[in-house]
1. For region 135-145, check the following and say yes or no: at least one residue is free of Cβ contacts under 8 Å to residues at least 40 places away in the same chain, surrounded by fewer than 16 Cβ atoms within 10 Å (Cβ to Cβ), part of a helix (DSSP H, G or I) and within 16 Å of the ligand (Cβ to nearest atom).
2. Select from region 69-101 the residues that are within 16 Å of the ligand (Cβ to nearest atom) and out of contact with any His (no Cβ under 9 Å at 6 or more places or on another chain) and list them in ascending order.
3. If only one of ALA91, ALA111, ALA130, ALA87 is open to solvent by less than 60 Å² (accessible area, probe 1.4 Å) and within 24 Å of THR163 (Cβ to Cβ), which one is it?
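The values are calculated or read from the model by the stated rules, or taken from the named source; none is laboratory data. Note that this is a predicted model, so its numbers are computed, not measured. FYI the Cβ positions are ideal-geometry reconstructions off the backbone, even for glycines, and counts take in every protein chain you see. The area values use the complete protein model at the heavy-atom level, side chains included, leaving out ligands, DNA and RNA. Shrake-Rupley method; radii C 1.70, N 1.55, O 1.52, S 1.80 Å.
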Amino acid sequence: MSAAAPLTDDLRSLYQDIILDHGKSPRNLRIVEHHTCKAQGNNPMCGDRVTVTARVSRAGMLEDVAFEGKGCAISIASASMMSEALAGQSAATAKQLFDAVHDLCTGKIEAEHVKAKVPAALGDSIDKLAALSGVRQFPVRVKCATLPWHALMSCLDGKTQATTEK
Ligand code: ZN
């Protein structure tokens, strides 16, 4: 069992609001024009499927990030927040944020400590992404939350498929 501290009721309802907002009205639900990479992520445990596209400049900056697909509110909200957080950031920063989100979702780090792991410019993004930390009690949901991130990492690695079954 996870040793993660239980969320307070206030924080839980804030997190639910953020996930419902992004789950119902996802940002960047499209294909990136002139994308330089594209990868599909598949989470058979839940039935989530997302395709992430991104345009990376020669200097390694993510000029645009978007996604398409179908899935539960958590996977869609995670993809939506990811696309918002990473547009204009470097691929190296994307990897840092992936690690931070992974640690948040698996309960390796508490939300109040995760900011120290990412560049200061991503502080607001990580505040929102902390909403995903509620999944840590539910192993299947962890895969929903991390799926779009696995897809983005595959995309940036030049692979076309991502799986949460690793
Ligand atoms: Zn799901």
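1. yes
2. GLY69, LYS70, GLY71, CYS72, ILE74, SER75, MET82, VAL101
3. Residue meeting the stated conditions: ALA91.
For (1) of a type outside the set (Lys, Arg); (2) under 24 Å from TYR15 (Cβ atoms); (3) open to solvent by 40 Å² or more (accessible area, probe 1.4 Å), each residue gets a yes or a no:
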| position | (1), (2), (3) |
| --- | --- |
| LYS38 | no, no, yes |
| ASN43 | yes, yes, no |
| ALA54 | yes, no, no |
| LEU104 | yes, yes, no |
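Table: residues versus (1) over 13 Å from the mean Cα position of the chain (by Cα); (2) more than 15 Å from the ligand (Cβ to nearest atom); (3) at pLDDT 95 or above.
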position	(1), (2), (3)
SER25	yes, yes, yes
GLU33	yes, yes, yes
GLY41	no, no, yes
ASP48	yes, no, yes
THR53	yes, yes, yes
VAL56	yes, yes, yes
ILE109	yes, yes, no
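Listed here are the residues, each with its yes/no results for (1) among the basic types (Lys, Arg); (2) free of Cβ contacts under 8 Å to residues at least 40 places away in the same chain; (3) within 14 Å of LEU152 (Cα to Cα).
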| residue | (1), (2), (3) |
| --- | --- |
| LYS24 | yes, no, no |
| HIS35 | no, yes, yes |
| GLY47 | no, yes, no |
| VAL65 | no, no, yes |
| ALA73 | no, no, no |
| SER78 | no, no, yes |
| CYS105 | no, no, no |
| VAL114 | no, yes, no |
| GLY123 | no, yes, no |
